[in-house]
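To start, the structure itself, in structure tokens.
The values are calculated or read from the model by the stated rules, or taken from the named source; none is laboratory data. What you see is a predicted model, and the numbers here were worked out from it, not measured in a lab. Don't worry about glycine lacking a Cβ; one is built from the backbone with ideal geometry, like all the others, and counts go over all protein chains shown. These area figures cover heavy atoms from the full protein model, side chains too; ligands, DNA and RNA do not enter into them. Shrake-Rupley method; radii C 1.70, N 1.55, O 1.52, S 1.80 Å.
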Amino acid sequence: MSAVGGVVSAVFWGLLVLSVLVFVHEGGHYLAARALGVRVTEFFLGLPCRLKLSRKSKKVGTELGVTPILLGGYTRICGMEGEQDELLAPVLACVQSRGRISAQEVADQVGCDIDRAYDCLAVLSDWASIRPYYDPEKGEKPGQRDYPESFETLQRDANMLTEYDRAHDFGKPGASAAGEPRPVEGSPEDFLAAERSHTYLGCGFWKRFCMLFAGPLVNLVLAFVVLTAGFAIMGQTYGVNSNVLGGIADDSYAQSIGLQAGDTVTQIGDQQVTDWYSLGDAVTAAFDAGQDFDVTYERDGQSHTEQVHVDPNSDQKTLGVYAQTRTYHPSFLEACSWTVQYTGMVVSFAVQLVMPQHTMEVLDSSTSIVGISVMASEAASEGLATVLAFAAAISLSLGIMNLLPIPPLDGGKILIEIITALRRKPVSLKTQSIISYAGMAFFLFVFVVVLKNDIFRFVIG
């Protein structure tokens, strides 16, 4: 029963810590996108799933909720994917003029094949410029694998703003409901440009950078605040170089002869003891001799001597005593300095991961979700403060790892944006896909190696 309880505890705390931290990470992307006026259609705790509990925000239009696959979270920022097509403008104008129209009718009107029409409609749906229409009479329903047969307009106010745009007001005259015709005023190209301005693709380099960097940044800020507060409040515990005992181990030689915390050890065998270091040297020498030895100590001002009977068949070679400890509480600036130093260690660790000569060395000391779950459970057993410190450490690692210049991580996407800005033309989707597949292959390799290590470390033993 205890083994089952341990597994359940590890799974629970592992999922809780990782889900919250990934959700916070995605929250950074979400807040940045909203602050920059980019449409966001979904923001969920948990991975995408047909089963979900959600509500639609009346203010920003975003569907907020939770799914049963609690392995993180996700944000759907409009315009993150999809290629440009010269038919996007006429396709959008076609839908706006009809209100609701089938993909086949769109293809016929703009003069293209059905597949290209669907591609354009999919891009415009991703932009939240139109939406799929699921006809229940045809057995269509949201969440199905393929797009439905038809698409329709969104609800728009007098200024053509949708529910996902800032300052929309459907209460003023001139608003139109979803599925109603709303012909484009002016050229289709100008209207498409206006719609594109509300998407990730329509933003300049710095706005895209901010949206990508916001996720890791939130993880880093959270970790910095929690770790700094932890260092300042909990302080740093250190051993005191004294021959006054701080504690006694259970089932030890020290316990067998009646030693207690607070006793002052003055002599081990024939060696005088004045501090913790001399106590350690004397104990080591006594056990190396392999013979019984005396321990002299003072308690309440009186001296006592007890003999330790060394068991020749035992592997125990220590007396079983602990040093006294004290806790140092740093100032705020010192706590910040400690956090910066710890961050530097994590950064160094992450950089070495992508250096071939150090990759395996780093992986051997890394852990997977299995190890994180076990350690999260152990931290939970020690109290809230330990859980928060552990979560902060994982948050720091998550933030830094996501900044590595490897697609599909945020750092890899930032690298592609930098290359695009320098070249002054987009990197093709084919090239991005190849780079992303290479990055995914690398992280699959990392996952397999660290998972194998954790299985031997925590499961097989």
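List of remarks:
- Subtracting the Cα-Cα distance of CYS336 and LEU444 from their residue separation scaled by 0.36 nm leaves 35.4 nm.
- DSSP-assigned coil residues among trypsin sites (Lys or Arg not before Pro) in region 76-157, each with at most 11 further Cβ atoms within 10 Å: ARG145
- Accessible area in square angstrom per residue, the chain, 1.4 angstrom probe: 54 Å²
- Between region 293-327 and region 216-239, the alpha-carbon center distance in angstrom: 37 Å
- Here the chain has 59 percent of its accessible surface on carbon and sulfur atoms, given a 1.4 Å probe and all protein chains in place.
- Treating r as the C-beta distance of MET234 and VAL8 and R0 as 25 Å, the FRET efficiency rounds to 0.30.
- Helix 332-353 and the long axis of the chain differ in direction by around 70°, with both axes built from C-alpha atoms.
- An ellipsoid equivalent to the chain, defined through the eigenvalues of its Cα gyration tensor, has semi-axes of 64, 21, 21 Å when rounded to whole angstrom and sorted largest first.
- Using C-alpha pairs below 8 Å separated by at least 6 residues, the relative contact order for the chain is 15 percent.
- Top positive-direction residue, dipole computed over the chain with Cβ charges, set LEU217, GLY143, TRP13: GLY143
- Given charges at beta-carbon only (K, R positive; D, E negative), |dipole| of the chain in Debye: 2020 debye
- Here GLU149 and PHE205 are evaluated by their C-beta separation; at R0 = 60 Å the FRET efficiency comes out at 0.95.
- The trypsin sites (Lys or Arg not before Pro) of region 424-461 that meet both conditions, a loop assignment by DSSP and at most 10 other Cβ atoms within 10 Å of the site Cβ, are ARG424.
- Lysine pairs within the chain, Cα separation less than 22 Å, 8 or more sequence positions apart or different chains: 9
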